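Student: Handing you this structure, nothing more for now.
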Amino acid sequence: MVKMFSSDKPEIAGDYNLPHIDLINHKGEAIDLKFIFIELNLYESIYKNAVTGTLVVTDAKNQIGRLEVQGLERIAFKLSSPGTKNVEDMLDASVETGEPFHVYKITDRKQIGPGVMQYTLHFGSREFMRNLRTKVSQAYNGRLDIAVRKILQEEDYLDSRRKLKYEKTGNSNKIVIPNLRPFDAINMIANQSLPEKSDGVGYYFYQTIKCFHFRSWDSMVSKQGNATRPIAQEFYYMPLKFKDEAIENKIEHDFKSVQSYRFLSNFHDVAANTALGTYGHRVISYNLYDKSIVEGDWNYHNMFDSTKHTDFENNYRDAEKTPIASSPVDYDNTKGISDYPESRVSLQSTTQFLHNKEKGAKYGLDVFGDSFNKGQQVSQQNQILHGTTLKLVVKGQSYLEPGDLIQFNIRPIDADKTDIEEDYRYSGQYVITKIRHQITSDIYTMVLECAKDSVVNPVVAGEPQYQANKNKGDLEDIYDSSTNIYNRHN
């Protein structure tokens, strides 16, 4: 039985407003699936260029047959948490004020009872389908965020009507798009973009239910690279010190409570990150213009504060919030894990002012800094992808979206740390990287995947005194007559 919600105030955490779920066929005919749907899922991610989703339906009236569903349909709805006033905090896919999703396939069709069918409709945003139908073959000259705006809005390409929230780039260039899909073209531009207001490298281009984003990681963890960013929500997973009766606002408390959590990755994979160039990376750049070679080494610990991180405080503590210490890693020298630049060696071509642009215009990337930029970009991406990854299940809150900064509070599990309020390593700020909105007939929940590339409290490097046998192993020729292994048992 579908629970009807239309209140401006939630009765319990997990309530939602969903007036209708209209399935509109290629003839313009529509039916409301709200009373026969089992589960509605919406997927957003900073790693995905478009929003997708699924709708599981139990059909006892042969709706698919009567509507002639064939993969050209649209799904229209408007989802919000009760009490939401701001239009931007609603998931609007309605015909009147939003942009309906496009159905592209039907799977898992099966009979679950006499005359009752169950099936799953798969759908994506309008831009998701436009990206599959169009190609970009064009040169763009100037600031890189302007090129992205043109590809997103031009009628021959994505022709999007969605809002774009973008961060101005601090560099310009001439980009030639060689017959690529629009999303691939934008991703290529994003890879070369530098933010105007911070020292970050590389952008993310992604879509949420509300809008498109073109922004850097620095903008997700800080404000213009020099101020702390407000958190969107604070979540808890710890025993309360008081009884439930003492909670003034039970609903607000439930919204902040984590139903369950799991660390998909709770520690930097040191072996993988070493090989990928997270800690040490030598980049050799070949200047196509004057045939010169520039070599640059990236050192994770020395340059950690050149980009912003999740627990950014805008003070001296930020430089020491690395998830891994700079202590010596070998017993016979003082080198730390970042002091081995040949862990990864890359070769790239580079040039600046290839199109006769004047110096000082921030045209292209400075040849002498391009090697450093590449090392910085690779390291930052790896810190996010191969750092601490947290999965939370919480009550549905339609105003949250990927790219938001949240606070997660968890007590340490150590028996001797019962008086400590939070775990110094795994508590703190996280960026939401993925969201699964899961709506059933009676509850709205969200599965959040969050990333963290720092720790709350600074990590102090130690000076271990390794004790080890430094004697070299003997060398033995297996065919030497005196030590021949074939004569040992004779």
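The values are calculated or read from the model by the stated rules, or taken from the named source; none is laboratory data. Remember, predicted model here, so these are calculated numbers, not experimental data. Glycine also receives a Cβ, built like all others from the backbone with ideal geometry; neighbour counts cover every protein chain displayed. When the accessible area is computed, the model is the full protein with side chains, heavy atoms only, and any ligands, DNA or RNA have been set aside. Shrake-Rupley method; radii C 1.70, N 1.55, O 1.52, S 1.80 Å.
Student: Could you identify the single residue in 66, 130, 109 that is in a strand (DSSP E or B), over 29 Å from residue 9 (Cα atoms) and either over 24 Å from the mean Cα position of the chain (by Cα) or touching a residue at least 24 places away in the same chain (Cβ under 8 Å) (or both)?
Tutor: Matching residue, one of 66, 130, 109: 109.
Student: Now for a different question. Out of the residues in the stretch 466-487 that are under 47 Å from the mean Cα position of the chain (by Cα) and modelled with pLDDT under 70, state the one that is surrounded by the most Cβ atoms within 10 Å (Cβ to Cβ).
Tutor: Among those residues, the one meeting the criterion is 466.
Student: Taking the conditions exactly as written (under 27 Å from residue 434 (Cα atoms), of a type in the set (A, V, I, L, M, F, W, C), at pLDDT 95 or above and open to solvent by 60 Å² or more (accessible area, probe 1.4 Å)), does residue 152 satisfy them or not?
Tutor: Here the answer is no, as residue 152 does not meet what is asked.
Student: Restricted to the stretch 30-59, and to residues that are part of a strand (DSSP E or B), open to solvent by 10 Å² or more (accessible area, probe 1.4 Å) and among the aliphatic types (A, V, I, L, M), which residue is nearest to residue 100 (Cα to Cα)?
Tutor: Step by step, filter the stretch 30-59, then rank; the result is 30.
Residue-wise test of (1) crowded, with 18+ Cβ neighbours inside 10 Å; (2) touching a Lys or Arg at 6+ places or on another chain (Cβ under 7 Å).
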position	(1), (2)
249	no, no
258	yes, no
262	no, yes
273	yes, no
276	yes, yes
281	yes, yes
286	no, no
290	no, no
299	yes, no
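Student: Same structure again: Would you say residue 430 is modelled with pLDDT of 75 or more and assigned to a strand (DSSP E or B)? Break it down into steps so the answer makes sense when it comes.
Tutor: Values: modelled with pLDDT of 75 or more: yes; assigned to a strand (DSSP E or B): yes.
In short, yes.
Student: I'd like the residue in the stretch 175-200 that is open to solvent by 80 Å² or more (accessible area, probe 1.4 Å) and assigned to a loop (DSSP other than H, G, I, E, B) and, out of all such residues, is nearest to residue 131 (Cα to Cα).
Tutor: Going through the qualifying residues, I end up with 181.
Student: How about the stretch 145-165: which of its residues are within 20 Å of the chain's Cα centre (by Cα) and over 17 Å from residue 93 (Cβ atoms)?
Tutor: Listed by number, the residues that qualify are 145, 148, 164, 165.
Student: I'd like to know if the stretch 91-99 contains one or more residues that are buried (at least 20 other Cβ atoms within 10 Å of the Cβ), touching a Leu at 6+ places or on another chain (Cβ under 6 Å) and over 25 Å from residue 255 (Cβ atoms).
Tutor: Scanning the stretch 91-99 turns up no residue that is buried (at least 20 other Cβ atoms within 10 Å of the Cβ), touching a Leu at 6+ places or on another chain (Cβ under 6 Å) and over 25 Å from residue 255 (Cβ atoms).
Student: I've got another one for you. Restricting the search to the stretch 85-106, which residues are of a type outside the set (A, V, I, L, M, F, W, C) and either modelled with pLDDT of 85 or more or more than 25 Å from the chain's Cα centre (by Cα) (or both)?
Tutor: 85, 92, 94, 96, 97, 98, 99, 100, 102, 104, 105
Student: Count, please, the residues in the stretch 138-174 that happen to be assigned to a helix (DSSP H, G or I), closer than 20 Å to residue 219 by Cβ and among the basic types (Lys, Arg).
Tutor: So the count comes out to 1.
Student: For the stretch 337-385, name all the residues that are open to solvent by less than 40 Å² (accessible area, probe 1.4 Å), modelled with pLDDT of 90 or more and part of a loop (DSSP other than H, G, I, E, B).
Tutor: 337, 338
Student: Only one of 305, 290, 311, 297 is in a strand (DSSP E or B) and charged (D, E, K, R); which?
Tutor: Of 305, 290, 311, 297, the one residue that is in a strand (DSSP E or B) and charged (D, E, K, R) is 297.
Student: In this structure, is residue 44 modelled with pLDDT under 85 and under 30 Å from residue 214 (Cβ atoms)?
Tutor: When the stated conditions are applied, residue 44 does not pass them.
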